[in-house]
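All remarks here apply to the structure that follows.
The values are calculated or read from the model by the stated rules, or taken from the named source; none is laboratory data. Bear in mind the structure is a predicted one, so any value in this text is a computation, not a measurement. Because the Cβ atoms are built from the backbone with ideal geometry, glycine has one as well, and the counts that use them run over all protein chains shown. Remember, those area values only see protein heavy atoms, side chains included, never the ligands or the DNA or RNA. Shrake-Rupley method; radii C 1.70, N 1.55, O 1.52, S 1.80 Å.
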Amino acid sequence: MPAVQGTALSVPPLLAILLSALAMSAIVGGRYLLASGGFALATRFRHPGLYRGLDAQVRREIAWSLASAAIYGIPAGVVAWGWATQGWTLIYRDVHLYPLWYLPVSVLLYMMAHDTWFYWTHRWMHRPRPFRLAHAVHHASRPPTAWAAMAFHPIEALTGAVAIPLLVFVIPIHVAMLGVVLATMTVMGVTNHMGWEIFPRFMWRGPLGDWLITASHHQRHHEQYGCNYGLYFRFWDRLCGTDRGVGDFTKARARRPCGAARLDGGVAGDAGRGGARVAAGRDA
């Protein structure tokens, strides 16, 4: 894509990049608040009292998530500036630049690549040292809520923040389809953590559910730690023997621990069975 030549107001490149990063951080933060807030409100109507007693946890989840949003905005802002002014990336605007059938294919390619990146970085995060240093922040949410989607330590946030910005240099994608990818990422990130199934039963119990990840599948990861690492698809979990099926929300609520989570790799309550060994993952 050719660079955009000339603007009505000349802005020094470093300042323009900074402003772009700040704008993207605000967009990511706003998207998080709208999505998580919307699904948290839906939870209140659909399952009243599900988050009762978790006020302190929710505040912590929001704080970590907004910090993560600021981190996500940095590479996104740099790439957005480069795309708009320098012709970087393979993002395109002309819908006819590639065949129309490529539009949905590009979305699938991005989701598969992102899922691969997420599976392996997530699994690495469950090794003892990375878990204690960073990933324990996310697993401190027991049970996770709709606000926990981006509740990451800065190290983990950084591993997630670079995935899509790197892909736009490798896989061509229409700007609208990139929006679809980002919307899907946001919705799946929130709904996978909110503690109940919003999707139809066929998406998580039928043949389609054998390959798609929804809340029931990810819930088991938060219960057992060393399994179900994927984001969108169960492919890598099945291939690597880390898929342990879907969880049961009714049973999970009955086992809900009274103790608070600790950030040292062990977790109070029912997670104490294996201590740091279970929390850090048994495939380390």
### Task
Sort 182-189, 125-132, 43-50 for me by packing, meaning the mean count of neighbouring Cβ atoms within 10 Å per residue, highest on top.
125-132, 182-189, 43-50
### Query
Which whole-number value in Å³ per residue fits the convex hull of the alpha carbons of the stretch 1-155?
163
### Query
When only Cα pairs under 8 Å and 6 or more residues apart are kept, what is the percent relative contact order across the stretch 171-253?
24
## Note on the structure
The alpha-carbon pair-distance distribution computed for the stretch 1-91, with 5 angstrom bins and whole-percent values, is 3, 13, 16, 17, 13, 10, 9, 7, 6, 4, 2, 0
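With a 1.4 Å probe and all protein chains left in place, how much of the accessible area of the stretch 67-143 comes from carbon and sulfur atoms, in whole percent?
Working: 2640 of 3610 Å².
Roughly 73 percent, rounded to a whole number.
Could you provide, to the nearest whole Å², the per residue accessible area of the stretch 132-180 with probe 1.4 Å? Intermediate results must be reported in sequence, preceding the final value.
Values: 1560 Å² over 49 residues.
Per-residue value: 32 Å².
How would you rank 215-225, 78-88, highest first, on the average number of other Cβ atoms within 10 Å across their residues?
Values: 215-225: 21.5, 78-88: 17.6.
Going from most to least packed, we get 215-225, 78-88.
Give me the one-decimal Kirkwood hydrodynamic radius in Å for the stretch 192-233, with the sum taken over alpha-carbon pairs.
Working: mean 1/r = 0.0973 Å⁻¹.
Across the stretch 192-233, the inverse of the average 1/r is 10.3 Å.
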